[in-house]
Amino acid sequence: MATITEKPAESHAVERIGWLRAAVLGANDGIVSTASLVVGVAAAATGKHEVMVAGVAGLVAGAMSMAAGEYVSVSSQADTEAADLAKERRELAELPEFELQELTSIYRDRGLSDDLAHQVAVALTAHDALGAHARDELGLAEMHRARPIQAAFTSAMTFSVGAAMPLIAALLLPLPQIPLGVSLAALCFLMLLGAVGSAAGGAPVAKGVLRVAFWGVLAMIATYLIGRMFGTSVG
Ligand SMILES: [Zn+2]
(Lines give C-alpha, C1' and ligand atoms only; values in the text may rest on other atoms or scores of the structure.)
Protein backbone atom coordinates (compact mmCIF):
# COMPACT_ATOMS: atom_id res chain seq x y z
CA MET A 1 0.00 0.00 0.00
CA ALA A 2 1.38 3.42 -1.01
CA THR A 3 2.18 5.57 2.00
CA ILE A 4 1.30 9.26 1.60
CA THR A 5 4.12 11.24 3.20
CA GLU A 6 2.72 14.71 2.57
CA LYS A 7 -0.85 15.79 1.98
CA PRO A 8 -1.07 16.94 -1.65
CA ALA A 9 -2.18 20.61 -1.83
CA GLU A 10 -5.86 20.76 -2.76
CA SER A 11 -8.62 23.30 -2.32
CA HIS A 12 -12.35 22.95 -2.46
CA ALA A 13 -14.81 25.64 -3.59
CA VAL A 14 -16.74 25.12 -0.34
CA GLU A 15 -13.83 26.76 1.54
CA ARG A 16 -14.58 30.03 -0.30
CA ILE A 17 -18.34 29.81 0.22
CA GLY A 18 -18.50 32.32 3.09
CA TRP A 19 -16.87 35.34 1.51
CA LEU A 20 -17.92 34.34 -2.05
CA ARG A 21 -21.60 34.50 -1.06
CA ALA A 22 -21.16 37.90 0.62
CA ALA A 23 -19.08 39.20 -2.31
CA VAL A 24 -21.45 38.12 -5.08
CA LEU A 25 -24.47 39.32 -3.09
CA GLY A 26 -22.82 42.67 -2.40
CA ALA A 27 -21.64 43.30 -5.99
CA ASN A 28 -24.94 42.11 -7.49
CA ASP A 29 -26.90 44.37 -5.16
CA GLY A 30 -24.57 47.29 -5.90
CA ILE A 31 -24.95 46.95 -9.66
CA VAL A 32 -28.73 46.33 -9.71
CA SER A 33 -29.84 48.86 -7.08
CA THR A 34 -27.58 51.70 -8.29
CA ALA A 35 -28.19 51.08 -12.01
CA SER A 36 -31.95 50.93 -11.37
CA LEU A 37 -31.81 54.11 -9.30
CA VAL A 38 -29.80 55.94 -11.97
CA VAL A 39 -32.06 54.68 -14.79
CA GLY A 40 -35.21 55.60 -12.87
CA VAL A 41 -34.02 59.10 -11.91
CA ALA A 42 -32.66 59.72 -15.44
CA ALA A 43 -36.08 58.81 -16.89
CA ALA A 44 -37.67 61.56 -14.75
CA ALA A 45 -34.79 64.05 -14.44
CA THR A 46 -34.21 67.23 -16.40
CA GLY A 47 -30.51 67.53 -15.53
CA LYS A 48 -27.56 65.14 -15.16
CA HIS A 49 -26.63 66.62 -11.76
CA GLU A 50 -29.71 65.05 -10.08
CA VAL A 51 -28.86 61.68 -11.59
CA MET A 52 -25.28 61.72 -10.25
CA VAL A 53 -26.35 62.97 -6.80
CA ALA A 54 -28.97 60.21 -6.56
CA GLY A 55 -26.41 57.63 -7.74
CA VAL A 56 -23.70 58.60 -5.25
CA ALA A 57 -26.26 58.79 -2.40
CA GLY A 58 -27.48 55.33 -3.44
CA LEU A 59 -23.93 53.97 -3.34
CA VAL A 60 -23.18 55.30 0.14
CA ALA A 61 -26.57 54.35 1.59
CA GLY A 62 -26.44 50.91 0.03
CA ALA A 63 -22.89 50.16 1.21
CA MET A 64 -23.76 51.22 4.76
CA SER A 65 -26.96 49.18 4.89
CA MET A 66 -25.22 46.11 3.42
CA ALA A 67 -22.45 46.36 6.02
CA ALA A 68 -24.93 46.89 8.85
CA GLY A 69 -27.21 44.08 7.65
CA GLU A 70 -24.37 41.58 7.26
CA TYR A 71 -22.79 42.57 10.57
CA VAL A 72 -26.06 42.19 12.49
CA SER A 73 -27.11 38.93 10.83
CA VAL A 74 -23.70 37.26 10.99
CA SER A 75 -23.21 38.50 14.58
CA SER A 76 -26.42 36.81 15.65
CA GLN A 77 -25.15 33.65 13.94
CA ALA A 78 -21.88 34.03 15.86
CA ASP A 79 -23.83 34.50 19.10
CA THR A 80 -25.82 31.33 18.44
CA GLU A 81 -22.64 29.37 17.70
CA ALA A 82 -20.98 30.68 20.87
CA ALA A 83 -24.03 29.79 22.98
CA ASP A 84 -24.12 26.26 21.52
CA LEU A 85 -20.41 25.77 22.18
CA ALA A 86 -20.76 27.00 25.78
CA LYS A 87 -23.64 24.54 26.31
CA GLU A 88 -21.59 21.73 24.82
CA ARG A 89 -18.58 22.59 27.00
CA ARG A 90 -20.84 22.44 30.09
CA GLU A 91 -22.34 19.12 29.04
CA LEU A 92 -18.87 17.67 28.42
CA ALA A 93 -17.86 18.68 31.96
CA GLU A 94 -21.08 17.52 33.64
CA LEU A 95 -21.99 14.41 31.58
CA PRO A 96 -18.75 13.04 30.03
CA GLU A 97 -20.07 9.45 29.75
CA PHE A 98 -23.27 10.54 28.04
CA GLU A 99 -21.34 12.78 25.65
CA LEU A 100 -18.99 9.91 24.77
CA GLN A 101 -21.96 7.67 23.98
CA GLU A 102 -23.49 10.44 21.89
CA LEU A 103 -20.30 10.79 19.84
CA THR A 104 -20.05 7.00 19.47
CA SER A 105 -23.57 6.78 18.11
CA ILE A 106 -22.87 9.60 15.64
CA TYR A 107 -19.95 7.59 14.21
CA ARG A 108 -22.00 4.36 14.29
CA ASP A 109 -24.70 6.12 12.26
CA ARG A 110 -22.03 7.12 9.79
CA GLY A 111 -21.23 3.49 9.18
CA LEU A 112 -18.53 2.49 11.66
CA SER A 113 -18.80 -0.75 13.60
CA ASP A 114 -19.64 -0.47 17.33
CA ASP A 115 -16.06 -1.13 18.39
CA LEU A 116 -14.50 1.20 15.86
CA ALA A 117 -17.05 3.95 16.58
CA HIS A 118 -16.24 3.72 20.27
CA GLN A 119 -12.47 3.71 19.66
CA VAL A 120 -12.71 6.77 17.41
CA ALA A 121 -14.94 8.58 19.91
CA VAL A 122 -12.52 7.84 22.76
CA ALA A 123 -9.49 8.96 20.71
CA LEU A 124 -11.10 12.18 19.43
CA THR A 125 -12.45 12.99 22.91
CA ALA A 126 -8.96 12.58 24.36
CA HIS A 127 -7.50 14.74 21.56
CA ASP A 128 -10.06 17.59 21.51
CA ALA A 129 -13.48 16.76 22.97
CA LEU A 130 -15.12 20.15 22.26
CA GLY A 131 -13.71 20.25 18.72
CA ALA A 132 -15.06 16.76 17.97
CA HIS A 133 -18.56 17.62 19.28
CA ALA A 134 -18.58 21.01 17.57
CA ARG A 135 -17.70 19.45 14.23
CA ASP A 136 -19.58 16.13 14.37
CA GLU A 137 -22.55 16.90 16.59
CA LEU A 138 -23.24 20.60 16.00
CA GLY A 139 -21.91 20.67 12.41
CA LEU A 140 -19.77 23.74 13.09
CA ALA A 141 -16.89 23.45 10.65
CA GLU A 142 -14.00 25.84 11.27
CA MET A 143 -14.15 27.14 7.68
CA HIS A 144 -17.81 28.15 8.11
CA ARG A 145 -17.47 29.97 11.44
CA ALA A 146 -19.37 33.25 11.49
CA ARG A 147 -17.04 36.23 10.97
CA PRO A 148 -19.22 39.36 11.27
CA ILE A 149 -16.55 41.97 10.54
CA GLN A 150 -15.17 40.04 7.53
CA ALA A 151 -18.70 39.61 6.16
CA ALA A 152 -19.65 43.28 6.74
CA PHE A 153 -16.43 44.56 5.18
CA THR A 154 -16.69 42.21 2.19
CA SER A 155 -20.30 43.23 1.56
CA ALA A 156 -19.67 46.99 1.85
CA MET A 157 -16.61 46.81 -0.41
CA THR A 158 -18.19 44.64 -3.09
CA PHE A 159 -21.41 46.69 -3.01
CA SER A 160 -19.40 49.88 -3.56
CA VAL A 161 -17.43 48.34 -6.45
CA GLY A 162 -20.66 47.03 -7.99
CA ALA A 163 -22.39 50.41 -7.58
CA ALA A 164 -19.43 52.39 -8.96
CA MET A 165 -19.65 50.65 -12.35
CA PRO A 166 -23.10 51.98 -13.49
CA LEU A 167 -22.19 55.33 -11.91
CA ILE A 168 -19.08 55.62 -14.11
CA ALA A 169 -21.20 54.68 -17.15
CA ALA A 170 -23.70 57.43 -16.22
CA LEU A 171 -20.87 59.92 -15.81
CA LEU A 172 -19.63 59.20 -19.34
CA LEU A 173 -23.05 59.37 -21.06
CA PRO A 174 -25.22 62.40 -21.95
CA LEU A 175 -28.54 62.46 -20.02
CA PRO A 176 -30.87 61.19 -22.84
CA GLN A 177 -28.65 58.11 -23.35
CA ILE A 178 -28.30 57.24 -19.66
CA PRO A 179 -31.40 54.97 -19.33
CA LEU A 180 -30.42 52.66 -22.20
CA GLY A 181 -26.63 53.07 -21.86
CA VAL A 182 -26.51 52.38 -18.12
CA SER A 183 -28.94 49.45 -18.47
CA LEU A 184 -26.73 47.81 -21.12
CA ALA A 185 -23.55 48.51 -19.13
CA ALA A 186 -25.14 47.10 -15.96
CA LEU A 187 -26.31 44.02 -17.84
CA CYS A 188 -22.71 43.39 -19.04
CA PHE A 189 -21.36 43.88 -15.49
CA LEU A 190 -24.00 41.48 -14.11
CA MET A 191 -23.20 38.82 -16.68
CA LEU A 192 -19.48 39.19 -15.88
CA LEU A 193 -20.25 38.92 -12.16
CA GLY A 194 -22.42 35.85 -12.77
CA ALA A 195 -19.60 34.22 -14.73
CA VAL A 196 -16.90 35.07 -12.15
CA GLY A 197 -19.10 34.03 -9.21
CA SER A 198 -20.03 30.70 -10.81
CA ALA A 199 -16.45 29.98 -11.89
CA ALA A 200 -15.07 30.80 -8.41
CA GLY A 201 -17.68 28.51 -6.87
CA GLY A 202 -17.03 25.74 -9.39
CA ALA A 203 -20.67 25.96 -10.61
CA PRO A 204 -21.99 25.95 -14.25
CA VAL A 205 -21.21 29.41 -15.67
CA ALA A 206 -24.10 29.76 -18.17
CA LYS A 207 -26.70 29.15 -15.47
CA GLY A 208 -25.09 31.71 -13.18
CA VAL A 209 -24.93 34.33 -15.95
CA LEU A 210 -28.58 33.88 -16.96
CA ARG A 211 -29.76 34.00 -13.35
CA VAL A 212 -28.22 37.37 -12.48
CA ALA A 213 -29.00 38.88 -15.90
CA PHE A 214 -32.70 37.95 -15.64
CA TRP A 215 -33.25 39.59 -12.26
CA GLY A 216 -31.11 42.58 -13.16
CA VAL A 217 -33.09 43.33 -16.32
CA LEU A 218 -36.37 42.94 -14.45
CA ALA A 219 -35.29 45.44 -11.79
CA MET A 220 -34.11 48.03 -14.32
CA ILE A 221 -37.27 47.80 -16.45
CA ALA A 222 -39.44 48.25 -13.35
CA THR A 223 -37.58 51.37 -12.14
CA TYR A 224 -37.42 52.83 -15.64
CA LEU A 225 -41.22 52.56 -15.99
CA ILE A 226 -41.73 54.14 -12.58
CA GLY A 227 -39.29 56.91 -13.49
CA ARG A 228 -41.16 57.56 -16.76
CA MET A 229 -44.46 57.64 -14.88
CA PHE A 230 -43.14 60.22 -12.44
CA GLY A 231 -41.39 62.13 -15.24
CA THR A 232 -44.59 62.61 -17.24
CA SER A 233 -46.73 63.38 -14.16
CA VAL A 234 -44.21 65.98 -12.84
CA GLY A 235 -43.28 67.51 -16.29
ZN1 LIG B 1 -22.33 16.64 22.59
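The values are calculated or read from the model by the stated rules, or taken from the named source; none is laboratory data. Note that the structure is predicted; figures quoted are calculated from it, not measured. Methodologically, a virtual Cβ is constructed for each residue, glycine included, from the backbone with ideal geometry; neighbour enumeration extends over all protein chains shown. Areas reflect the complete protein model, heavy atoms only, side chains present, ligands, DNA and RNA absent. Shrake-Rupley method; radii C 1.70, N 1.55, O 1.52, S 1.80 Å.
Quick one: what pairs do we get from segment 196-217, first residue closer than 24 Å to V38 by Cβ and open to solvent by less than 90 Å² (accessible area, probe 1.4 Å), second among the polar types (S, T, N, Q) and in a helix (DSSP H, G or I), C-beta under 6 Å, 6+ apart or different chains?
That search, which allows pairs on different chains as well, returns V212/N28.
Residue pairs, Cβ under 6 Å, 6 or more apart or interchain, first in segment 114-132 and free of Cβ contacts under 8 Å to residues at least 60 places away in the same chain, second open to solvent by 80 Å² or more (accessible area, probe 1.4 Å). List them.
Within 6 Å, the pairs are A117/R108; L130/R89.
What number of residues within segment 65-80 are open to solvent by 60 Å² or more (accessible area, probe 1.4 Å) and among the acidic types (D, E)?
So the count comes out to 1.
Among the residues of segment 92-111, what is the count of those that are more than 34 Å from the chain's Cα centre (by Cα), open to solvent by 60 Å² or more (accessible area, probe 1.4 Å) and of a type outside the set (G, A, S)?
Looking only at that region, the number is 7.
If a residue must be touching a residue at least 40 places away in the same chain (Cβ under 8 Å), part of a helix (DSSP H, G or I) and open to solvent by 20 Å² or more (accessible area, probe 1.4 Å), how many such residues does segment 138-155 contain?
Number satisfying all stated conditions: 7.
If G62 satisfies every condition in (1) modelled with pLDDT under 90; (2) surrounded by 13 or more Cβ atoms within 10 Å (Cβ to Cβ) but one, which is the exception?
For G62, the exception is condition (1).
All but one of (1) touching a Leu at 6+ places or on another chain (Cβ under 8 Å); (2) at positive phi hold for G201; which doesn't?
So G201 meets the others, but not (2).
In segment 30-59, what residues are open to solvent by 60 Å² or more (accessible area, probe 1.4 Å) and modelled with pLDDT under 85?
Matches in segment 30-59: T46 only.
Restricting attention to segment 64-117, and to residues there that are away from the ligand (no atom under 14 Å from the Cβ) and in contact with a Phe, Trp or Tyr (Cβ under 8 Å, 6 or more places away or on another chain), which single residue is farthest from S160 (Cα to Cα)?
Selected residue: L116.
Taking M220 as the residue in question, decide whether it is surrounded by 15 or more Cβ atoms within 10 Å (Cβ to Cβ), hydrophobic (A, V, I, L, M, F, W, C) and more than 20 Å from the chain's Cα centre (by Cα).
Against the criterion (surrounded by 15 or more Cβ atoms within 10 Å (Cβ to Cβ), hydrophobic (A, V, I, L, M, F, W, C) and more than 20 Å from the chain's Cα centre (by Cα)), M220 qualifies.
In segment 113-137, which residues are of a type in the set (S, T, N, Q) and open to solvent by less than 90 Å² (accessible area, probe 1.4 Å)?
Matches in segment 113-137: S113, T125.
Any idea which of (1) surrounded by fewer than 18 Cβ atoms within 10 Å (Cβ to Cβ); (2) away from the ligand (no atom under 16 Å from the Cβ) is the one A27 doesn't satisfy?
Of (1) surrounded by fewer than 18 Cβ atoms within 10 Å (Cβ to Cβ); (2) away from the ligand (no atom under 16 Å from the Cβ), only one is false for A27: (1).
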